[in-house]
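What follows draws every value from the coordinates through simple rules; no lab data is involved. Keep in mind the model is a prediction, meaning the values are calculated, not measured. Note that we place each Cβ from the backbone using ideal geometry, even for glycine, and neighbour counts take in every protein chain shown.
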């Protein structure tokens, strides 16, 4: 038998009898499982999730669910494929042993795998003071249960809601509060909302939009402490400028934390920004060597991207979960040269204050911005971000139909400022500084982060392996 | 039934809103929100809305289709 015939036989055998374990039962985990079955994988498939629910969609939680239009338990994701999987829900993975190829569950059980997909995603960063975070009325939002609790608190008619952090989630929640006619204060340590993701120029427009809708927006201000009443319910916040805010509902929207703790000691390149992997979803070990058995997808993955100087990108985006999962699944059951890359142009949307904000590319990679279409005053425009004479991202406010035009320019590394489509041109088309905060400035962390070139980036804890005795 | 709309793909043409306003809504001119788990009685309406979407952004649970076919 030739080597290639032997390998083909191995792949056939793996597809028929292999054992694949997916850790993470949300969007990426579900889509990976479906893609595996779609690829003809007929072996055993185990899906482990720490939440008790079948995979559900998270974006509606901070929008139509919070508004009370859609019930939190109505967010279950559609299924496109028969899975025949062993679902282990409500049970967190707590350890990974790559030597024996086993995932350890919270109940002590060991689940063996031949190939493993890590899709454990992120969780909401909690208010850092545990005693204050435990006050009744202090919320964060990531899960279905979080959304349900906060929705009920909003329905109870709070006198004022305080939103800490003006990233996308915080801004969307503030928007819902205004829709429900609830007074809301938003504090942001940076100079404007959305500044980490879209820069100060767009942030200023977002700030005006919030204020026009009656949000009490306070920028360059942090919350120093939260105070409760005798019954343990939050009543006020003390701000870094010495003022106080009376509020009986507080949302900490402080960005997310990647769920990598369970990988401690596994020898994978897992750290603050997630699990380093190649563009095909194959995990790196701490030495930067790709593994053959461990794959990563979704919010917890960080992979080098050809369009962004091969910097590792960490993307907390819906389509990153979908396409990253499909690529990882394909590569789990195929061999070189059949591997596929996950080279998604990042994209996201956010509905807030009646405006649809969409973006493609990586805005913080740019240092300049130019308005190319529409009107800032009417909050209906397109703008492009550039770096060193090439376009790297674009953002639209109620101009989503034009986004594809910019996406194609970005994919071709077209010149910046880009040629505007010959329609709806603004009066001024001059590039200006995009005003992104310096790295390290405390503000809302953007959903797409350029995390450098190191597969085991600096903020990851380096744990040398035990020397063989 | 279960649906999901790829809102990266959605461009706010609002054909779905015209065809199934109980399920799909616009917030402002372009931001779409929707009921992800509509009542099964609305299946035909939702299927028509999905078919009418100019960018084909509405995805419907295929398992539900299979169940319906078997019934």
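Quick notes on this one:
- Three-way shape call for the protein assembly as shown based on the alpha-carbon gyration tensor, with the a/c threshold at 1.5: rounded
- Per-residue Cβ neighbour rank within 10 angstrom, fewest leading, A:74, A:305: A:74, A:305
- For the stretch B:3-70, the relative contact order works out to 42 percent when only alpha carbon pairs closer than 8 Å and six or more residues apart are counted.
- Orientation-averaged projected area, Cα convex hull of chain B (nm²): 4.3 nm²
- Most fluctuating residue given options B:46, B:55, B:17, as computed from a GNM of chain B linking Cα atoms under 10 Å: B:55
- Relative contact order for chain A: 15 percent, from Cα pairs under 8 Å spaced at least 6 residues apart, divided by residue count.
- Ranking of A:63, A:401 by count of other Cβ atoms within 10 Å, fewest first: A:401, A:63
- Ranked by the mean number of other Cβ atoms within 10 Å per residue, highest first, peptides A:22-34, A:376-388 order as A:22-34, A:376-388.
- Compactness ratio for the stretch A:92-169: Cα radius of gyration over 2.2 N^0.38 Å (N = residue count) comes to 1.59.
- Beta bridges per DSSP, both residues in the protein assembly as shown: antiparallel share near 65 percent.
- Entry note, the stretch A:260-371: relative contact order of 19 percent, from Cα contacts under 8 Å with a spacing of 6+ residues.
- Percent of alpha-carbon pairs separated by more than 23 Å within the stretch A:126-254: 25 percent
- Part-to-part distance (alpha-carbon centres) for the stretch A:314-361 and the stretch A:34-64, which is given in Å: 16 Å
- Rh (Kirkwood; distinct C-alpha pairs) - the stretch A:305-426, Å: 15.4 Å
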